[in-house]
Amino acid sequence: MDNSIYVSLSLATAMRRELDVTANNIANANTAGFKGERVVFDSYLHRESGLDGADDTSFVVDRGSYLDARQGALAHTGNQLDVALQGSGWFSYQTPEGQMAFGRDGRFSLDAQGNLVTLSGARVLDVGGAPIAIPPDLGSNVTISRDGSISAEGRGVIAQIGVFGLPDLQAYERIGSGLFVPPQDRSTRPPVADLETEVMQGAIESSNVQPVVEMTRMMSIQRAYERAVKLMNGEDELRRDALRRLGQTS
């Protein structure tokens with residue numbers, strides 16, 4: 001296999017990876033609080049033994065991906081337990097498996113025990129990292145202020161929704177349902193309270209994915225992938241033809 005096929009293979013592999021990421025972005029274009037993902041590619045220059053460098057070969061290398069943390073548009077719902085974040089902070093949750101996670105989806109509700117939970121069943125945590133519970137007789141008749149404080153008439157402040165800044169956000173791992181967890185090696189700095197981000201009651205943050213842009217990107221990726229595959233097939237056909245001619249000559 002010569003370098004031309006290796007180059008085409010590296011490009012096809014990179015395009016397949018970007019296609020998967022872009023397809024996931026499109027699939028979550030209507031998911032509240034979803035943040036798009038972008039793939040980072042680089043080139044690797046393989047130097048040949050020649051002195052002039054004319055035969056050096058450049059390959060495509062997948063360097064990983066990063067989170068597009070831009071603010072999504074706010075959509076007002078009127079639901080008292082829907083909350084959106086205006087700023088760079090993140091909600092904190094405790095997943096059903098007991099894992100601490102972070103996300104931006106503020107479509108909250110109350111379970112049978114009065115716990116404030118997400119649609120996926122994760123419990124919403126307060127500023128101290130404890131699950132939030134609302135007295136059953138209050139239901140959704142609560143007021144949530146811009147600092148996340150939950151209060152009710154005649155009860156005062158019941159709890160405060162935790163909003164945190166994630167210093168090493170790009171190192172966090174997706175676990176589905178719009179949730180992120182720190183890497184298992186615990187190499188990241190701990191979350192810190194975010195006092196700048198505002199909590200908006202009666203609204204949710206839309207996904208920051210732009211479907212038209214993603215669809216255009218997907219078409220470009222598909223064309224690049226097809227070109228890479230076509231080049232590999234062409235090189236393979238040339239090799240077969242060369243072997244066939246050598247066989248006829250012998």
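The values are calculated or read from the model by the stated rules, or taken from the named source; none is laboratory data. Keep in mind the model is a prediction, meaning the values are calculated, not measured. A quick note on method: Cβ atoms are made from the backbone with ideal geometry, for glycine too, and the neighbour counts reach across all protein chains shown.
Only residues that are of a type outside the set (Gly, Ala, Ser), part of a strand (DSSP E or B) and surrounded by fewer than 18 Cβ atoms within 10 Å (Cβ to Cβ) were counted across the stretch 159-187, and they come to 4.
For the stretch 118-152, give me each residue that is of a type in the set (A, V, I, L, M) and within 23 Å of residue 190 (Cα to Cα).
Matches in the stretch 118-152: 122, 124, 125, 127, 130, 132.
For the stretch 87-138, the set of residues classified as acidic (Asp, Glu), surrounded by fewer than 22 Cβ atoms within 10 Å (Cβ to Cβ) and touching a strand residue (DSSP E or B) at 6+ places or on another chain (Cβ under 8 Å) consists of 111, 126, listed by residue number. Taking every residue in the stretch 12-38 that is under 14 Å from residue 218 (Cβ atoms) and pairing it with any residue that is in a helix (DSSP H, G or I) and of a type in the set (Val, Ile, Thr), at least 6 positions away or on another chain, the pairs with Cβ-Cβ distances below 7 Å are 15/221; 18/221; 19/221; 22/221; 37/21.
Looking across 89, 98, one residue alone is assigned by TED's automatic domain parsing to the domain that holds residue 167 and without any contact (Cβ under 8 Å) to a residue 60 or more places away in the chain. It is 98.
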